[in-house]
Amino acid sequence: MSRRMLTRVRRWAAAAVMGTLLTGCGGTGNTVSGDTAPDGARTTGAEVQPLTAAREITDPAGHKVATAAAPRRVVCLVALCDDMLAELGMRPVATNSGLLAHPKFLGRDEAAKIPVVPGGFIAPETEAILSHKPDLVIGLEDTHGRLAPALKGATVFWPVQPDSWEDSVGYLRGLAALTGRTERGEAAERGFRAKLAAAEAARSDRTALVVFGSDENFGVAAPGNDVAAGLFPKISHYPWKSRGVEGTYSMEEILAADVDVLFVETLSFGGPADGRLSDELAENPLWSRIPAVRNGDVHEVDADVWAKGRGTRSLGLVLDEATAALK
């Protein structure tokens, strides 16, 4: 798997440019951003603006999404969709994500009851999608946007592309308004904001790093190319910045940063992973010299949650695991 393909599949878009959440119909307006800490950093506010059920919303990317009635049959082509539905007390009629098998979602047995969309994440089959008679299909814009013409007239397609946790909250608010599950949406947002604020208050001074990959072509997860990584500057010392589609960090640069705690996401694409990324990286002689590796502070994490989830429940789990490791 080339670094280009890894980055494309992982591409959570260019930069976290959305400073606001949803605007427009159905009470999905901005939520409170937070207060300014003494050091000038922006802290996370816990207050949540009320939501109102709506037939049309405007999402964080400016897309207008309208449904004739509250969606009940939703097909998920991206794990953010599964995450949002779980937060709202719903299940997709079909999915191509493994997220719901996690014990903090449905668990393996219940998740196995949900049909899988054939074709995998990259090429889900249109006929199979429509066979479930969805009233809403949610997919990743830069991967599934090409399906829109084939779905037009048969269902509503919603292309999502979160760049930041604020965007993820915005998408959740939009879906809560469309489905009429506004109280659940507010509760999920409030719970996540409270968890993030608590993690900020206990911010660690240790240096953290999140790497992803499926072979030796690893990448560094950074704000701007990864939603979960966007949380890390709030809870730890996280010096990594996005270098765009082509750029990444070398092992030499990682070694020079004196990383204290290392999180590793082993990615798989439609099948079981061949092996743990940390084992692959261990073949590099510089790997063993990283402080986190020397001290046994390397954590293989669930990529479905950390890399693909991107919703408030997944990000809450990231915060739980990260803050525990950073103590």
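The values are calculated or read from the model by the stated rules, or taken from the named source; none is laboratory data. All figures in this text were calculated on a predicted structure; none of them were measured in a lab. When we count neighbours, we look across all protein chains shown, and the Cβ atoms used for this are built from the backbone with ideal geometry, even at glycine. When the accessible area is computed, the model is the full protein with side chains, heavy atoms only, and any ligands, DNA or RNA have been set aside. Shrake-Rupley method; radii C 1.70, N 1.55, O 1.52, S 1.80 Å.
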Filter result for the condition that a residue is touching a strand residue (DSSP E or B) at 6+ places or on another chain (Cβ under 8 Å), open to solvent by less than 10 Å² (accessible area, probe 1.4 Å) and on the phi < 0 side of the Ramachandran plot, over 325, 307, 257: 307
Residue tally, condition touching an Asp or Glu at 6+ places or on another chain (Cβ under 9 Å), over 18 Å from residue 121 (Cα atoms) and surrounded by 23 or more Cβ atoms within 10 Å (Cβ to Cβ), over the range 131-174: 8
Set 237, 299: member being under 30 Å from residue 139 (Cα atoms), modelled with pLDDT of 95 or more, touching a strand residue (DSSP E or B) at 6+ places or on another chain (Cβ under 6 Å) and open to solvent by 30 Å² or more (accessible area, probe 1.4 Å): 299
Residue within the range 313-320 that is under 21 Å from the mean Cα position of the chain (by Cα) and open to solvent by 40 Å² or more (accessible area, probe 1.4 Å) present: yes
Selection status of residue 288, modelled with pLDDT of 95 or more, among the small types (Gly, Ala, Ser) and over 25 Å from the mean Cα position of the chain (by Cα): yes
Residue list for the range 181-194, filter: buried (at least 20 other Cβ atoms within 10 Å of the Cβ) and either acidic (Asp, Glu) or assigned to a helix (DSSP H, G or I) (or both): 182, 185, 188, 189, 192, 193
Any chance residue 128 is within 21 Å of the chain's Cα centre (by Cα), open to solvent by less than 30 Å² (accessible area, probe 1.4 Å) and on the phi < 0 side of the Ramachandran plot: no
Looking only at the range 187-242, and only at residues there that are hydroxyl-bearing (Ser, Thr, Tyr) and touching a Ser or Thr at 6+ places or on another chain (Cβ under 9 Å), the one that is farthest from residue 169 (Cα to Cα): 214
Unmet requirement for residue 68, which otherwise passes all of (1) in a loop (DSSP other than H, G, I, E, B); (2) more than 19 Å from residue 157 (Cα to Cα); (3) open to solvent by 30 Å² or more (accessible area, probe 1.4 Å): (2)
Selected residue (only one of 86, 148 is farther than 28 Å from residue 193 by Cα and not basic (Lys, Arg)): 148
